[in-house]
Each structure stands twice: as C-alpha cells, then as structure tokens.
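Just so it is clear, none of the values below were taken in a lab; they were calculated from the coordinates. Fair warning: this is a prediction, and the values are worked out from it, not measured in the lab. As a convention, Cβ positions derive from the backbone with ideal geometry for all residues, glycine included, and neighbour counts pool all protein chains shown.
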C-alpha cells in the first residue's frame, strides 16, 4: 500500500465531521508511541512551551544520572540515546527556541560527565557537532535570543 501525500490527506480530512476526526486521531494514537506522545504534546503541553522544556530537562537529568560511566562505550550509547530523544521532542515542538535550549542543555550536561568526554574522540566530536548545530540554529532566532544563546555557546566552547 502506498501512502497518500499530505495534500491529498488534508483535502480528505477537510470533508470529515468532528466525530470521525476524533476517531481517526484515537486510532492513530493506538498504533505508535510517538503518535501518542505527539498528540499529548499538541493537546496538553503546546500552550505552555516553557513548562514543556522544563519537563524535558528533568527527564534529561534522570537519563544523564543513569549513564553507566564504567566505559566510554556505554557513555556513547547513552549519550546517543539521549540525543535521539531530544531530537524527537524538538520535532514535536517545532520551534527553534526549544531545540536550541535543549541542545545547549544537552551540551552543558555532557561537560559534567565523569570521566571527561574530552578524553574520547567520538564523544568530543559529538559534543562539538551539537555546539555547532546550536550555533547554526541560533542564527534563525530573534536578535535578543541570539545574543543570550551566543553567550551560552561561548561558555560551552571554553
């Protein structure tokens, strides 16, 4: 089965009544956790973006505390897993401020990992890529936010 394009789906959804749309959303949420998480964000958390970011940061704190620091292999696996979650949560929000905020928080938390990530080339490269990505995404923001985030980025680089 070939999936229909967004344009075709939008036109088809425009002709459905409210109850049919509700049933489709609930059925969609039943099949995948990501769909359910996206619906949860859109319905409950999209109104207060700051609270959403704080909730994600608390989840990230827990994930960073659970990292097995016995070997760099385990650290790399855990850090990549955390980064995947950040990307997923950023896609839900779809606002560049949220993505930059989460990436900068991720980089700050990475610097606190012991043993130091800078003793491992892979982790150092991953860290540098995220700092550079946050710098590029910062350029798309308002000038005041750019200035604030640039200060944080400069602090991370040192």
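Quick notes on this one:
- Cα-projected label distance for residue 26 with residue 80, points at 7 Å along beta-carbon direction, nm: 4.0
- Efficiency of FRET from Cβ geometry, residue 5 and residue 125, R₀ 35 Å, rounded to 0.05: 0.40
- The calculated FRET efficiency for residue 43 paired with residue 143, based on their beta-carbon distance and R0 = 35 Å, is about 0.60.
- Shape box of the range 1-92 [Cα atoms, principal axes, largest first, Å]: 56, 35, 21
- In terms of overall dimensions, the C-alpha atoms belonging to the range 48-157 reach 41, 27, 17 Å along their principal axes, ordered largest to smallest.
- Panel order for 48, 65, by other beta carbons found within 10 Å of each beta carbon, from fewest to most: 65, 48.
- Burial ranking of peptide ranges 87-97, 17-27, 135-145 (average Cβ count within 10 Å, highest at the top): 87-97, 135-145, 17-27
- Residue order for 127, 72, fewest other beta carbons within 10 angstrom first, comes to 72, 127.
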